[in-house]
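A short worksheet on the structure shown next.
The values are calculated or read from the model by the stated rules, or taken from the named source; none is laboratory data. Computed from a predicted structure; not experimentally measured. Backbone-built Cβ (ideal geometry, glycine too); neighbour counts: all protein chains shown. Ligands, DNA and RNA are excluded from the accessible area calculation, which covers all protein heavy atoms including side chains. Shrake-Rupley method; radii C 1.70, N 1.55, O 1.52, S 1.80 Å.
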Amino acid sequence: MILSNKLILLGISLESGALAALAQDVPVPVQYLGFATLHAAASVVVAQLVLLFLPRHYRQPKRAVLGLFFLLAFFVPFLTFITMIAIVVTARFFSKPIIYYPFVKVGLPEFTLGSAGIRNSLGEGAIRTRLKTPSLSSEVRMKALLSAHAMSARYSVPLLKELLGDEADDLRLLAYGMLDNREKSLNALIHDLLKKLDACREPSLCQLYQKRLAELYWAFAYEHLAEGDMLTYMLTQAEHYTRAALETKADGDLWVLLAQILIKQQNPQQAESAFNQAIALGMPVTRIQPYLAELAYQRHDYRAVREHLQLMPFNSQIPQIANIQRFWLGTHP
């Protein structure tokens, strides 16, 4: 405390002397030299004083902190005093303490299986096996049915349809409810998009609505939700909105979708033409080659089947495609 009082008095004295030097009857260069010397000494004192009042962890590195406050005090004297007071008050009373946690050596935990070894969900194969085995208990089959939501709708819907004739009432009713909910959700989305499309006046936005409608109508066919006349209607609507969206904007994904719809409608020639349009728009050829190989097989052009399969990179991660490539090309893993 005594040291700080002495520094304050010394700083005031030096700064007063610096101001007094400007009033002396001496040449101007001498006045400026005297002012600069005394003001620099006062700035050193002020910097040391601020350093003294700062918390300990704010004083490092000491030379850099002293240099910073010296430059502030020397070049911006009056404003700096207020700023330095604010810095000291903030650092001492409002700053959060810095806590350094040292490194410690932790022993290895004892291994326990616990819940990590328990699978909470079933794979697709396990779900199919349980649902198609009537001899299992209703509880086991019900758990498998509840796990079917993890499967793709394209594969779960046929399983649910098979359960509509199951002897177990609970399974039959639950399967019906799951199918009904899926149909209702798709129909609700279609109904909402149709209203938005009717009110839409911006071409680009209308094209997005049409594309989404085409995908939703196609979902009824792709997921095996629609059959018979209903399937024909859904495919017709999907084709209509796909072509409407393509009139506004050329889209490779839409051409692929249109080709899939045409295949479902037993129109392979137009489907192949649509696939070629998608390739022309930059769609990856590897994505379309399986469809072209399938179309070539349907028209009994087996040489074309091999040509298309040769253009596809071998991918063991997709067993269905990999097995087909091995069969037709005579390759081995």
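The figures follow:
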read-out	value
Dimensions (Å) - the range 143-229, Cα atoms, principal axes, largest first	52, 28, 18
Average projection area in nm² (convex hull over Cα atoms of the range 221-284, one quarter of hull surface)	4.3 nm²
Asp170 accessible area, 1.4 Å probe, all protein chains in place, Å² to nearest 10	100 Å²
Karplus 3J(HN,Hα) series, Hz, for the range 217-224 with 6.51 cos²θ - 1.76 cosθ + 1.60 (x for Gly, Pro)	5, 5, 4, 4, 7, 5, 8, 6
Accessible area of the range 187-302 divided out per residue, in Å², using a probe of 1.4 angstrom	54 Å²
Lys, Arg +1 and Asp, Glu -1 on Cβ, resulting dipole of the range 175-247 about Cα centre, debye, nearest 20	280 debye
The range 214-255 - convex hull of the alpha-carbon atoms, volume per residue in Å³	51 Å³
With DNA, RNA and ligands ignored, accessible area of Met230 (1.4 Å probe; Å², nearest 10)	100 Å²
Pairwise centroid distance, computed over Cα atoms, of the range 203-275 with the range 140-174, Å	28 Å
Per-residue HN-Hα couplings for the range 179-196 [Karplus 6.51, -1.76, 1.60; θ = phi - 60°; Hz; x = Gly/Pro]	5, 5, 5, 5, 5, 5, 5, 5, 5, 5, 5, 5, 4, 5, 5, 5, 5, 5
Area of Val44 that stays accessible when all protein chains are in place (1.4 Å probe, Å², to 10)	80 Å²
